[in-house]
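The structure appears right after this line, and notes come after that.
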Amino acid sequence: MKSFFKGGYGKSSNILIYVCLIYYVLASLLAPGFFTMNNSWNILYNLLPLLVVAIGQTYVMITAGIDLSVTSIIAVCSIAGGYVMSSDTSIFSDPESIFFGILTMLLVGMVIGMVNGISVTKFGMPAFMVTLTTMMLFSGFAIWCTQSQNIYNLPEPFVNMSYSFFLGIPVPVFIGVFVLVLAYFLLNKTLFGEWIYAIGLNCEVAKISGVKVHRTLILVYMFSGFCAAVGAIFYTARLETGSPVMGQNILLDVIGAVVIGGTSLFGGKGKIIWTFFGALFMTLLDNSLNLIGLSFFLIMIVKGAVILAAAMLNTLKEKSLKTTA
Amino acid sequence: MNKTTQRILNNSTLVLFAIVLLTFSILSHHFFSFQNFFNILVQASSLAIIATGMTFVLLTAGIDLSVGSIMFLAGVISGKLVVAGFPLWMACTLVLVIGVLFGLINGAFIFKAKVIPFIVTLATFYVGRGLGLFISETRAVNLPESFLKIGSTKFFGVPAPIIVMTIVIIAGHLVLTKTIFGKHLYAVGHDEVKSRKAGIPVDGLLLKVYIICGFCAALGGLVAIAQLGAISPTFGLQSEFMAIAASVLGGTSLFGGRGSIFPGTLIGVLLIQSIQNGLVMVNADPYLYTVITGGVIFLIVLIDSIRHLQQKKLKRLGIN
Amino acid sequence: MLLELKQIQKSFGEVNVLKGVGFKLDKGELLGLVGENGAGKSTLMNILGGIFPPSSGEMRVNGKNYHPKSPNDALNEGISFIHQELNLFLNLSVAENLFISNYPRKKTMGFSFLNQKQARKKALELLSQVGLSVSPKSPVERLTAAQRQMLEIAKALSASPRIIIFDEPTTSLTRHEAQKLFQLIKKLKQEGIAMIYISHNLDDIMHLADRIAVLRDGELISSGERQNYTIPSMVKDMVGRDMDQFFPHRNTVPLKEFSLEVKNLGAGFIQNMSFSIRKQEILGFYGLVGAGRSEMARLIYGLDPMETGSIIWNGKEITSPNPVQWIKEGVAFLTENRQEEGLMTLQNLEKNIQLAALPSFTRRFNIIDYKEVKKKSKTQADATKTKYHSITDQLVSTLSGGNQQKVVLAKWLLIHPKLFILDEPTKGIDIGAKHEIYVLANSLVECGSSIMLISSEIEELLGLCDRILVVSEGQITKEFEKEEFDRSKILEAALHKAGKEEQKL
């Protein structure tokens, strides 16, 4: 029994750490240019946005929900930030425009998250349908707003963010670690975190036991929106454009990272650290396959297969633990 | 709450359907015509076939996100073969075989490895699309005239796509309502554990359901290709979502055990297609299509959920 | 002899669940099988029903050796098992449920279609056998709990069984509905069907059984003709000690001041409910299942919105009650439905016990003082005498019903309740755990709290309460002070209004 509850799932992250390590060593040996300073930065910069968005998704999945709208949140945030910051459209001058741009992105992300959250709680709509329709709605909205055009001429300091340092640490790393620590802290040390797990395990019990179910769930979806917005900041700065189709292809990576980590889609089970290694693995996979020259569609196939394999291992492990328990 | 509002809530999809038809009829003279309704039916045929398969899956409380990829992959392979000189009938058969195989793979992972449908089909979604892009080298596959001919063939004045759609819907409807397989489907969707206790062959049933869905996806893809004449790299993208939306609009529950193909799913399909057709008719900004379609689906799910909340409350307080 | 079991043993791993149990059953005979939870009743019946084989021992049906490998084998031998949890599909119709595993079919154009005409005919036959007058086409979700129970029996009858096993068939039935079931059981008995009837309700056993068998700790303690048993003697066999002191003695009396006052509460079919509870009082609510007691409790606790009335707590009006506020005020609510509303079954004990009290263990920024909360959770788990291996590594789902209920109690005790609403706290719990729950309730009241006790077991109310209110059809119809307590009068009051309504129909 012990292994089922504690060791069993503690181990799943341990295994993943080893898998990541072994994969890292193998890739260093086999993929040309993998074990270089330049590529290490690449891995880091690819990891950060995925990690941040996947963290938000982890919160939602622990409540037994799902947020399919993260990709559209990234797109809307990207163009909203673009409008506010681009010298073509901005009403602000340079330094303020960045401040207001980032603020707008975070706000937009949280507002869309709030729409999701309110729909799920107050109207009792299934999370899958809510976020599916808000995904269609907002990605359509982003494309319609821009007439499918990118927004250029973002301010220099913003696009240079990836290469700037704060207290000797690269700014994106600083932001990423901040979100990671914040998410870990909220989930593991506070009432909010305990309530998230309780809702995922049994919503009715939680409600009767005095959990503020509606408020907690709305905050969870807002947090997911916030994380997606941070992801949008990373992507927008890297690509130096506000794009209405930004993030369109990362849904698999996000859900994959969370699921590979071991978080259950049925709710009540999941950890930030699992998601970290899940995201790291997805990034290593993506990066190394790119380096050995696979095209993006072959990488897609490999990723799909890896997620399936990971999910299978998880079920197998659960089954074997259940029979031995 | 009075009776009229209750009735409107109960038939929200039909009411909204009426509103959509009325609005477009007012906005465009061409919308409300026999010819256009015919057009809507032809355009809806592909989605209707896919959504029929999807309804089977949803009834078992499953989901199939891979149908868009099945359409794409099957289409690309057969398209390439036809271009390379293979006979048309062979290509068409192959499309359906690929659909069945894909469904078999989905089903096998779900019932053998016990991985949940969402993850399995999400993975096969990417695998399928990746394979399709690999084979097509991410370029559009242009099909010979012969393909287009199937799409425009008419039997007794009725276009082939409508005939195929009708057959699929009738067959699906009969299976659900008149066979033991159909009844077992509802039972499994309601409670898998109880179904096993009652001696229902749950595993075989799930496998069959995903095969049916894969078959329908391939067939729906074929019907679409026959009308388009080419397979672009984005062909079938988001089809799974449209099919899910159509089923849900038609009253099928995502939690399984509830729903129908006729009239349910058919109404959902026609509603979605009418909106898209109407938007073309009134010359709306093409970029607005997804926004409006998404908005309408959101609205119906919202109304449906409010109705459920109301009913639950009434039931608990012993009214009703 | 229709059925004979000899020296049945069963062990799971190293645990001996059955230590050589045997009994006999004749045609048209009803055997009442009683014992505490965990005594081995279910294991024995599962062996008989073919769900798993015995480790050793012999079973004979009609003198022939009987080794079922699956529930289907049991069915073929004429043994039907009606589980406590009904195996019905609410989304399907009555007929579809009856024939889910063997629906009549017909061939049309080479396809096998359902033969709905024949199904209807057969269904009507089966339904009339159990006296159920519903259309074969009506969806099962529209049936009442009693009708569903009858339908399950009809399903069992469709296999023309010789032996039917009933596992707690009356838990979700009203008294009136249970009477109907008993009539059916007597009819089946006359037709020569033998039955094994498992129940915690010893009254029913005394009423129905021809013979009685008592299990304790996997052993057959006693068996024999019903005439040789009384309820106290059965309890003694089950528990291994006398029933004296079953209800603990209280050393305090209710105070003058009120803790909770409810005035004209109403919503839906709940109308005009007014009552008040004194401090240090146990106020009982008796009524038939569905009379509106749980609905009332849910309204007070703010789980459903109230339409009329006011709730006054310690002299102060609570305008929009909700669990968050009640917990702050020290009001706890143990719901009727332990599995769905009481426990996170896939969570460990500690987290379950903490849940309601967590806000009081938070420091700045809502950070939880885990050291403190862990300590207190453990204290509560031990105070309720919950039996567990590990408070952090064991899932609640692995506990027995009684221990699960103690976890729910521990959860609520952790908020130090001043008022505790208990809705059927001993439903489906064995006698030992019941007694422990009574002791807990009693000592809570002695320490100054009040209790609202909703129960369908009249003995329980008589033994614990200071006052009993009778609820019928959404209204409080009668009040009994302790000195007026009278079993038959209370029962009559509860049936009274319902009886009248029936005559009208």
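Annotations for the structure displayed:
- Checking each residue in region C:316-358 for being assigned to a strand (DSSP E or B), touching a Leu at 6+ places or on another chain (Cβ under 7 Å) and more than 8 Å from chain A (Cβ to nearest Cβ) picks out C:331, C:334.
- Residue check for residue A:320: modelled with pLDDT of 90 or more, more than 10 Å from chain B (Cβ to nearest Cβ) and more than 16 Å from the chain's Cα centre (by Cα): no
- Candidate set from region C:156-205 (those that are at pLDDT 90 or above and in a loop (DSSP other than H, G, I, E, B)); member that is nearest to residue B:198 (Cα to Cα): C:161
Per-residue answers, yes or no, for (1) more than 22 Å from residue B:181 (Cβ to Cβ); (2) more than 14 Å from chain C (Cβ to nearest Cβ); (3) in a helix (DSSP H, G or I):
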{"residue": "B:209", "(1), (2), (3)": "no, yes, yes"}
{"residue": "B:214", "(1), (2), (3)": "no, yes, yes"}
{"residue": "B:221", "(1), (2), (3)": "yes, yes, yes"}
{"residue": "B:234", "(1), (2), (3)": "yes, yes, no"}
{"residue": "B:237", "(1), (2), (3)": "yes, yes, no"}
{"residue": "B:242", "(1), (2), (3)": "yes, yes, yes"}
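- In the condition set (1) more than 10 Å from chain B (Cβ to nearest Cβ); (2) in contact with a helix residue (DSSP H, G or I) (Cβ under 7 Å, 6 or more places away or on another chain); (3) over 20 Å from residue A:63 (Cα atoms), residue A:113 is compliant with all but (3).
- Within region A:17-38, tally of residues that are of a type outside the set (Phe, Trp, Tyr) and in contact with a helix residue (DSSP H, G or I) (Cβ under 7 Å, 6 or more places away or on another chain): 7
- Close pairs (7 angstrom Cβ cut-off, 6 or more residues apart or separate chains): within 30 Å of residue C:217 (Cα to Cα) and surrounded by 11 or more Cβ atoms within 10 Å (Cβ to Cβ) in region C:239-258, at pLDDT below 90 and of a type in the set (A, V, I, L, M) anywhere: C:239/C:431; C:243/C:235
- If you check B:162, B:169 for being more than 14 Å from chain A (Cβ to nearest Cβ), surrounded by 17 or more Cβ atoms within 10 Å (Cβ to Cβ) and in contact with a Phe, Trp or Tyr (Cβ under 7 Å, 6 or more places away or on another chain), only one passes: B:169.
- Among the residues listed as A:299, A:273, the single one being within 10 Å of chain B (Cβ to nearest Cβ), at pLDDT 90 or above and surrounded by fewer than 20 Cβ atoms within 10 Å (Cβ to Cβ): A:299
- Here residue C:382 meets the list (1) in contact (Cβ under 8 Å) with a residue 12 or more places away in the chain; (2) more than 24 Å from residue C:168 (Cα to Cα); (3) more than 11 Å from chain A (Cβ to nearest Cβ); (4) in a helix (DSSP H, G or I) almost entirely, failing just condition (1).
The rows are residues; the columns are (1) away from every other protein chain (no Cβ under 14 Å); (2) free of Cβ contacts under 8 Å to residues at least 24 places away in the same chain.
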site: A:68; (1), (2): no, no
site: A:74; (1), (2): yes, no
site: A:78; (1), (2): yes, no
site: A:81; (1), (2): yes, no
site: A:86; (1), (2): yes, no
site: A:102; (1), (2): yes, no
site: A:122; (1), (2): no, no
site: A:126; (1), (2): no, yes
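- Residue in region C:91-100 that is touching a strand residue (DSSP E or B) at 6+ places or on another chain (Cβ under 8 Å) and free of Cβ contacts under 8 Å to residues at least 24 places away in the same chain present: no
- Qualifying residues in region C:285-315 (those that are part of a strand (DSSP E or B) and of a type in the set (Ser, Thr, Tyr)) - the one nearest to the other protein chains (Cβ to nearest Cβ): C:308
- Members of region B:121-153 found to be over 17 Å from residue B:238 (Cα atoms) and β-branched (Val, Ile, Thr), listed by number: B:135, B:138, B:141, B:150, B:153
- Every residue from region B:110-140 that is in contact with a Pro (Cβ under 9 Å, 6 or more places away or on another chain) and polar (S, T, N, Q): B:136, B:138
- Matching residues in region A:205-225 - criterion: being crowded, with 24+ Cβ neighbours inside 10 Å, away from chain C (no Cβ under 14 Å) and either out of contact with any Phe, Trp or Tyr (no Cβ under 6 Å at 6 or more places or on another chain) or of a type outside the set (Val, Ile, Thr) (or both): A:217, A:221, A:223, A:224, A:225
- Filtering region A:140-154 to residues that are surrounded by 19 or more Cβ atoms within 10 Å (Cβ to Cβ) and either facing chain B (nearest Cβ under 7 Å) or not in a helix (DSSP H, G or I) (or both) leaves A:140, A:141, A:143, A:151, A:154.
The rows are residues; the columns are (1) β-branched (Val, Ile, Thr); (2) surrounded by 18 or more Cβ atoms within 10 Å (Cβ to Cβ).
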{"residue": "C:319", "(1), (2)": "yes, no"}
{"residue": "C:326", "(1), (2)": "no, yes"}
{"residue": "C:346", "(1), (2)": "no, no"}
{"residue": "C:352", "(1), (2)": "no, yes"}
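- Among the residues of region B:196-207, just one is of a type outside the set (A, V, I, L, M, F, W, C), facing chain C (nearest Cβ under 8 Å) and either assigned to a helix (DSSP H, G or I) or in contact (Cβ under 8 Å) with a residue 12 or more places away in the chain (or both), namely B:197.
- For region C:11-35, a residue qualifies if it is touching a helix residue (DSSP H, G or I) at 6+ places or on another chain (Cβ under 7 Å), of a type outside the set (Gly, Ala, Ser) and surrounded by fewer than 23 Cβ atoms within 10 Å (Cβ to Cβ), and exactly one does: C:17.
- Residue match in region C:117-130 (condition: under 20 Å from residue B:189 (Cβ atoms) and modelled with pLDDT of 90 or more): no
- Meets criteria (surrounded by 18 or more Cβ atoms within 10 Å (Cβ to Cβ) and in contact (Cβ under 8 Å) with a residue 40 or more places away in the chain) for residue B:63: yes
- Residues within region C:64-118 that are of a type outside the set (Phe, Trp, Tyr), assigned to a strand (DSSP E or B) and at the interface with chain B (Cβ under 8 Å from one of its Cβ atoms), tallied: 3
- Test: residue in region B:258-269 that is more than 28 Å from residue B:191 (Cβ to Cβ), assigned to a helix (DSSP H, G or I) and modelled with pLDDT of 90 or more: yes
- Test: residue in region A:247-264 that is among the polar types (S, T, N, Q), under 27 Å from residue A:32 (Cβ atoms) and facing chain B (nearest Cβ under 10 Å): yes
- Counted residues, region B:95-145 - those being small (Gly, Ala, Ser) and more than 13 Å from residue B:77 (Cβ to Cβ): 7
- Any hit, region B:90-99, residues being modelled with pLDDT of 90 or more, of a type in the set (Gly, Ala, Ser) and crowded, with 18+ Cβ neighbours inside 10 Å: yes
The values are calculated or read from the model by the stated rules, or taken from the named source; none is laboratory data. Given the structure is predicted, the values throughout are model-derived calculations rather than measurements. All Cβ positions, even for glycine, are placed from backbone atoms using ideal geometry, and neighbour counts span all protein chains on display.
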